[in-house]
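The values are calculated or read from the model by the stated rules, or taken from the named source; none is laboratory data. Quantities reported herein were computed from a predicted structural model and do not represent experimental measurements. FYI the Cβ positions are ideal-geometry reconstructions off the backbone, even for glycines, and counts take in every protein chain you see. The area values use the complete protein model at the heavy-atom level, side chains included, leaving out ligands, DNA and RNA. Shrake-Rupley method; radii C 1.70, N 1.55, O 1.52, S 1.80 Å.
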Amino acid sequence: MKQCTHADALPHPEPEPRSATCPECLAAGTHPVQLRLCLTCGHVGCCDSSPGRHATGHHEQTGHPVMRTFEPGEDWRWCFVDHVLV
């Protein structure tokens, strides 16, 4: 079973969110479907179900490997590099 090789290198405590919503969606005037929090720097981006796919775009631009859901009542993490739940 494949495992994430990046979780141990994440900062503790996790970074504070830089915003309350996806700033790229806000600037474009679009509505994010689901929000994700980068666990390296605190960037908030929309999920791949949103037109902009800004959380994935943030990973592609920065290489930051792991994000977590930023939705109330949810508690899961995803590693973009290893393609697994953390």
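General observations
- Taken over the range 57-74, the criterion of being in a helix (DSSP H, G or I) and either surrounded by 12 or more Cβ atoms within 10 Å (Cβ to Cβ) or under 8 Å from the mean Cα position of the chain (by Cα) (or both) is satisfied by GLY57, HIS58, HIS59, THR62.
- Residues that are within 13 Å of THR56 (Cβ to Cβ), open to solvent by 60 Å² or more (accessible area, probe 1.4 Å) and either assigned to a loop (DSSP other than H, G, I, E, B) or at pLDDT below 95 (or both), drawn from the range 22-33: VAL33
- Filter result for ASP8 (within 18 Å of GLU60 (Cβ to Cβ) and either free of Cβ contacts under 8 Å to residues at least 60 places away in the same chain or surrounded by fewer than 14 Cβ atoms within 10 Å (Cβ to Cβ) (or both)): no
- The listed residues are ARG36, ARG18, and the only one of them that is open to solvent by 90 Å² or more (accessible area, probe 1.4 Å), touching a residue at least 12 places away in the same chain (Cβ under 8 Å) and not aromatic (Phe, Trp, Tyr) turns out to be ARG18.
- If only residues of the range 39-51 that are among the small types (Gly, Ala, Ser) and out of contact with any strand residue (DSSP E or B) (no Cβ under 6 Å at 6 or more places or on another chain) are counted, the one that is surrounded by the most Cβ atoms within 10 Å (Cβ to Cβ) is SER50.
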